[in-house]
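Below: one structure, written as structure tokens.
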Amino acid sequence: MRTRFLLSAALGLLAASAAFAQGTDWYTPTRENKPFVRWWWLGSAVDREGLTYNLEEFAKAGIGGYEVTPIYGVQGNEANDIDYLSPKWMEMYKFLVAESARLDLQCDLNNGTGWPFGGPQITPELAAQKMEVGPDGVKSVQTGQKVKRAAPGGEGFVMDHYNPEALKVYLDRFDKAFAQSGASWPHTWFNDSYEVYGANWTPKYAGIFRERYGYDIEPYLQNPKAGDDSYDRAIADYRECLGTLLVENFIDPWIAWCHGHGSLVRNQSHGSPANLLDVYAAVDIPECETFGRSPFDIPGLRQDPIGRPNDGDPAVLKLASSAAHVAGKKYTSSETLTWMTEHFRTSLSQCKPEIDQMFASGVNHVYFHGAPYSPKGAEFPGWLFYASINMSPTGSLWKDAPELVKYIERCQAFLTAGSPDSDFYLYFPVYDLWSSRTETAYMMFDIHSMGRTMPDVKAAMNGIVAAGFDADYISDKQLCEREITKPVIVPAVKLMPVETVRRLAELKKQGVPVYFIGNVPKDVPGLHDLAARRKAFKQAAKGLGKPTTIEKVFAAYKPETFKSELGGQMIRRRNECGGWNYFAAMLRNQPVDGWVKLATPAAAAMLYDAVSGTSGQAQVRTAADGCAEIRLQLQPGESILIKTFPEAVQAPAWPYVAACGEPVAIDRAWNISFPESAPEIKGNFFTDKPQDWTKLKVDAAKVNFGTALYSSAIDLLHPEEADEWVLDLGDVRESARVYINGEYAGTAWSVPFRLPVGKFLKPGINLLEVYVTNLPSNRIADYDRRGVKWRIFKDANVNTIGPKTFEGWATDPSGLCSEVNLIPVHYDVPSSETVLAQARRVNDYFMQKFPDPLRVVPFPSRHKVYEGNIWTRGVYYEGLMALYGV
């Protein structure tokens, strides 16, 4: 229901000038603000025609760049496979770089094929190792793990990430290939999540450990005595040492190598045994991931019966964004929408709330997972990779994907402006985690197990957010090395290094609030130099003070009521105007219509709808405690961008809805036809009401993938009687492009499926045309029922999260599946007192900015008079008109 009215030319020009001068307009997006894709090259079987076609499709859809990850190939296509880093592969890469420059697309590369790092250059001696514990000690033996989903020329053992020689040999292959080809280096190198399973040792580990910790670790590994404190302490030292070696021998030298070639580094640290925050913070772009679907109870949101719970919930996503915020990195990337649903079953409407949740967790650089390369003209369903989703020209999302892409671009431009502004730092108690008793000594912080590995940490972060606040995790290293001015919350921690205790005591002495929840730490972790460290700990701990409760902490700060009272998701950043930028999303069944109190002050605020691209000045008032209250109207599933200002601004007003009239049902004389359909469906189908097209009396309609045209007419005698008309399409399966009287009125792709269409309506008969695209699920299920061979891929072929074949799927509804209504909308009209009060406040502001006196002149609009009050939509100033030459 949010659309900007057309104002007079004079007011429009004035508002545009004022917006530019005061920062009320949209941020200008950069290439990095566009979403990117992980581009899977199956068998690296690419050619120039296919590369150009795919790149041009990316650019046309608004994609900003990609990361090439070569994987396994296509059955029967071996003759076209290209060995990784071979002269021919580098030739294709050079062509890729040239075409990307032409289309202004960013070119990133995975620093390998599949994952993790490894390949033919990795000998057994340099391959991933594990401990073999026997009565005579601990031996280092090969894990035997090979590169997962490897492409031709990339097959081989996974490297030993704790061995610096292994990394040197691994990267040498890239140095030679790029030097011999003369190819330019990619913008960014990428490393996927650390899935080096069971790699808990390296040949020199025992000696390194003895040198650093002063005792032998082998006896403790040989004899894990239940309940023995010394064993748990030794294992904590073992885990810390392993994490340190990963950083020293892999992360740091890999970053140095990338930077030495002029490339940035994007890395997923989850899965590694190291402190995730420190590994994330070390790289240029830390990357998290979503994996599965979240249980949103948004009315009208498609709830697919096939799926898995999302492991990348906000408390996990915040590990990467926290590292970026604390370390001053501009971007937090995310592998986005991995395995949200089964193949062929993901809709654009399902994507939006997952992405909104990521934005509210600090992500501002979306990487779709992913886009399989298909040659131009590939038959349905195109080339596929093992996982879902498919954000490529052969995917079901592609026709209307530009709408989602534009939404992401607008949000990310907003969320990269300014600087992060969380309320607290939340201490990450890695030493408690490392000291915990588990089945094995080796501890990986992989995304799927964080609910088991760190439940108390997740609960602490979720509690802070639910109370209306925001926090960034912070590590021991970050606490000790960075300037800290923000309050620090320390959850119920048992063990803490002496250095961290000293730092926290120092911060308290400096006046930085440090809150210990439930208890203060009682001891140091680890076994080495235990007596000396305990003595130092006891002395340092005197400065920690007494513990408190989280409720007392929260009582001293101002919450964001959008989160604490309404259950919405929100993130806040400081902006360049001296105010704050907010991203807010209502991802539960909780409509919002009223005043929402912010935790920050503001004299003015702008609202921006990233779905429609409209904006306007919000109604703002000041609460008794000095915080701003802003009027918001959101339906479940909707999101809004908010920008606040410390002083008054001049911009057109946001159109608040006062009332919606009785809906006008469009329930007669609908025609359904199929301009695009496979299998083809000919002819026209006449119905009284719009209906699920799979219910039509034609067999192909139950098994087709395509776009149907729903046509009808709207008879309106006096469309001018309403301020706006909103087309409510109801249950859309799955996205709908709308035309009225031959003019494009917009695409409904997210919940609620509504579009403002008033400006397209005329008195009398209006032609309504709705092009609805469904999912390919019905067609692919029919393929499996008929035994059509479409799984033509090697290795994983097409992994599933349910049955191996899809023949048992029920028919998915398609098209317009409910009543369609046209809703008259009347906008809220400010009283004359409100207009004059705002005018005086704005006038006072401009009196301070400009020496010449300015006379306030209320500007009457073309709209009718409501109860004697003029609907002004804003005010203009004669002095400003002269100033801007309007």
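The values are calculated or read from the model by the stated rules, or taken from the named source; none is laboratory data. Since we're looking at a predicted model, the values are computed, not measured. All Cβ positions, even for glycine, are placed from backbone atoms using ideal geometry, and neighbour counts span all protein chains on display. Surface accessibility is based on the protein's heavy atoms, side chains included, excluding ligands, DNA and RNA. Shrake-Rupley method; radii C 1.70, N 1.55, O 1.52, S 1.80 Å.
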Rounded percent of accessible protein surface that carbon and sulfur make up, region 315-472, 1.4 Å probe: 49 percent
Mean residue ellipticity (222 nm) of the chain, computed from DSSP H runs ≥ 4 via -39,500 (n - 2.57), nearest 500: -8500 deg cm²/dmol
Linear extension gain, residue 256 paired with residue 557, 0.36 nm per residue minus alpha-carbon span: 104.2 nm
Label-to-label distance, nm, for residues given as residue 625 and residue 86 (7 Å Cα→Cβ offset): 6.7 nm
Length added when fully stretched, residue 576-residue 713, from 0.36 nm per residue minus Cα-Cα: 44.5 nm
Residue-count net charge about residue 712 - beta-carbon cut-off 11 Å; Lys, Arg +1, Asp, Glu -1: -2
Counting DSSP beta bridges with both ends in the chain, the antiparallel % (nearest 5): 65 percent
Rounded tilt (10° steps) of 87-103 against the dominant C-alpha axis of the chain: 30 degrees
Ordering of 228-235, 443-450, 409-416 by burial proxy (mean other Cβ atoms within 10 Å per residue, highest first): 409-416, 443-450, 228-235
Förster-model FRET efficiency, 25 Å R0, residue 529 and residue 438, C-beta, rounded to 0.05: 0.50
Local electrostatic count, residue 423, Cβ distance below 14 Å [Lys/Arg +1, Asp/Glu -1]: +3
Probe 1.4 Å - accessible area at residue 542, Å² to nearest ten: 150 Å²
Share, in percent, of DSSP beta bridges within region 100-193 that are antiparallel, nearest 5: 80 percent
Heavy atoms of residue 103 accessible to a 1.4 Å probe, total area in Å² rounded to 10: 40 Å²
Sites residue 141 and residue 176, calculated FRET efficiency, Cβ-Cβ separation with R0 35 Å, nearest 0.05: 0.70
In range of the label at residue 801: residues from region 351-388 whose backbone nitrogen is under 11 Å from the point 7 Å along Cα→Cβ: 388
Solvent-accessible area per residue, Å², over the chain with all protein chains present [probe radius 1.4 Å]: 38 Å²
Net charge contributed by nearby residues that have their C-beta within less than 15 Å of residue 623 (K/R +1, D/E -1): 0
Relative contact order %, region 582-677, counting alpha carbon pairs below 8 Å whose residues are six or more apart: 34 percent
P(r) weight above 20 Å for region 412-512, C-alpha pairs, percent: 48 percent
